[in-house]
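Following: one structure in structure tokens, then a few remarks.
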Amino acid sequence: MYSHSVIQDLDPTKLKARQFSKSTAPVSKKADNSLWTETPAERQQRLADEVSGKKRRAVDTKVDEEPSDEKKGRRVDEEVIRKGVDDYTQKLRGPALVAQHEASGKAAEKDKDDLGIWDHSRDMSLGGRLMDDSKRAKLIREAQGLGDRFGSGK
């Protein structure tokens, strides 16, 4: 594992205290924290001063770097690309496993009707007692949207 000489080189008396790294960036002392502690009367006075032009806004908003036309164009381009990727993925992967399972289940239900009056596995199983078909369908519909909801940023 470690050679004997490396272990001997580690002298616990020569270890230095470990600290967080100290940043070389200057600390900004111009930060105004009064917005956190202002009273409603101070807030009203500040807003009146900002409206009249006596003071600048306390919180500077960032200036848009891109014109709105470019943003709209980029958004449209991203939407086209996302739609193309979704179509390609749908073509490549095919239908969802739930849809495939439901299609095979419908064929199996037709066969079950021919079994007779009483089927032990169908009538004695707990599946029918815990959740009926409408609750199950609703749950599956809600779960299908989970992948779409967080798939891409807007």
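Computed from the coordinates by the stated procedures, all read-outs in this text should not be read as laboratory data. Being a predicted model, the structure only gives us computed values, none of them experimental.
Between Glu78 and Lys91, the contour length at 0.36 nm per residue exceeds the alpha carbon distance by 2.7 nm.
Extension gain for the segment Ile117 to Ala17, taken as residue separation times 0.36 nm less the Cα-Cα distance, is 27.8 nm to one decimal.
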